[in-house]
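Here the structure is laid out as structure tokens; the discussion comes afterwards.
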Amino acid sequence: MDFEQVAAAVDAACPRPDRSKGGRPPYPTLVMVKVLFLQVLYNLSDEQAEHQLLDRRSFQRFCGLADELRIPDARTVWLFKQRLVQGGLGAQAIFEAVQQQLQAQGYIPRGGQIVDATIVRAPIQHLDKEEKALVQQGVVPLEWGAKKARHKDCEARWTKKHGKSFYGYKLHANVDARYKLIRRYKVTAANVDDGNTLPKVIDASNTAARLYADRGYDRRASRELLAEHGCKDGIARRAPVGEKLGQRAEARNKAINRRRSRVDSVEHVFAGLRHLGGKTVRAIGLARNELAIAIKCAVYNVKRLTWLRENVPAF
């Protein structure tokens, strides 16, 4: 993986702060990008990342800090992520830079698209009834000071799945069926319907024309979108209210679900994100958590690439 290319993409999307008027120059973007990848790979907090950089010689060599007297501390790591968030394009820049390298090495999107979503849990916010009503309307209560507002996540939402309640966000992912690499992503509040995000994650560059998805995407708008992009319909059907699916529809759903299991299976993509801590987030707000989730997706792809290069020949 060419981390210099990733760092150049970050600098283009989120320019380095100006130090022409003085002040200590910031660490090179290349160093901070590598620190960020290590942090995600080992599921470290900012403080833990600082400690491991001080303790592990291997981390220092990887980041190019083996002979340096200064090591990025927790505050420096936080400020770098804040730079990516404030630029608004940092998450996408890192993810797309990794995508370009995947395709340059021959791992292009192939075999069809598999679209699915997974809930990413966030710390529960304890609000009273009035505060909850205001937050759901997108309004910050007036009695909150600036400090309290910064520590309250007003963008995460509750949702239910299989009869259980979850609070947080949702990752909508598009995975190519051959290499099981994440090609597109979208991060939303947990209560956003899966079908509404299909236009954001559909991938027109996939070499196969079929898109697979579960019953949550079964709607006329989704089928019309597939037709517009020239994709074959691989969306599982949902039974009408008060009715049962016919035998042919049930058989079709089973065939689709067997193919979709490449995403939902414990051994595969979402499980890989779970091992990176991808099923929970620490930050406050959609923008910061989108950055965290996007980098997890990029790191997953890099890990997957190391396995593919040894086991699956590129196209």
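The values are calculated or read from the model by the stated rules, or taken from the named source; none is laboratory data. What you are looking at is a predicted structure, and each value in this text was computed from that prediction instead of being measured. Positions of Cβ are generated from backbone atoms using ideal geometry, with glycine treated the same way; all protein chains shown enter the neighbour counts. Areas reflect the complete protein model, heavy atoms only, side chains present, ligands, DNA and RNA absent. Shrake-Rupley method; radii C 1.70, N 1.55, O 1.52, S 1.80 Å.
Key figures for this structure:
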| item | result |
| --- | --- |
| Rounded accessible area of residue 37 (nearest 10 Å², 1.4 Å probe) | 10 Å² |
| Within the chain, helix-based [θ] at 222 nm, where runs of 4 or more DSSP H residues each add -39,500 (n - 2.57), nearest 500 | -14000 deg cm²/dmol |
| Charged-residue dipole, Cβ positions (Lys, Arg, Asp, Glu), the chain about Cα centre, Debye nearest 20 | 840 debye |
| Choice from 164, 279, 296 showing the highest fluctuation, given a GNM over the chain with Cα pairs closer than 10 Å | 164 |
| Positive dipole terminus of region 215-315, leading residue within 276, 230, 298 (C-beta point charges) | 276 |
| C-alpha center-to-center spacing [region 75-144, region 275-296] in angstrom | 6 Å |
| Share, in percent, of DSSP beta bridges within the chain that are antiparallel, nearest 5 | 75 percent |
| Cα long-axis angle, helix 247-264 against the chain (0 to 90 degrees, to the nearest 10) | 10 degrees |
| Choice from 211, 69, 305 with maximal GNM fluctuation in the chain (Cα, 10 Å cutoff) | 69 |
| Label-to-label distance, nm, for residues given as residue 16 and residue 96 (7 Å Cα→Cβ offset) | 2.2 nm |
| Per-residue SASA entry for residue 307, accessible area with 1.4 Å probe, Å² rounded to 10 | 120 Å² |
| Ordering of 101-113, 180-192, 54-66, 241-253 by packing [mean C-beta count within 10 Å, highest first] | 180-192, 101-113, 54-66, 241-253 |
| Antiparallel %, DSSP beta bridges [both residues in region 166-310], to 5 | 65 percent |
| Crossing angle, helix 286-311 versus the chain [Cα axis fit, 0-90 degrees, rounded to tens] | 80 degrees |
| Ranking by accessible area, most exposed first, for 47, 130 with a 1.4 Å probe | 130, 47 |
| Percentage relative contact order, the chain, counting C-alpha pairs under 8 Å, at least six apart | 21 percent |
| Region 1-129, relative contact order [Cα under 8 Å, separation at least 6], % | 31 percent |
| Net charge of Cβ neighbours under 12 Å - reference residue 237; Lys, Arg +1; Asp, Glu -1 | +3 |
| Using a Förster distance of 30 Å, the FRET efficiency for residue 219-residue 129 (Cβ separation, nearest 0.05) | 0.35 |
| For region 201-310, the spread of Cα positions along each principal axis, largest first, Å | 43, 38, 29 |
| Percent breakdown of C-alpha pair distances by 10 Å bin, ordered from the shortest bin, for the chain | 5, 23, 31, 24, 12, 3, 1, 0 |
| Rounded to 10°, Cα long-axis angle of helix 29-41 versus longest principal axis of the chain | 50 degrees |
| Dipole of the chain, positive end: most advanced residue of 22, 257, 168 [Cβ charges, Cα centre] | 257 |
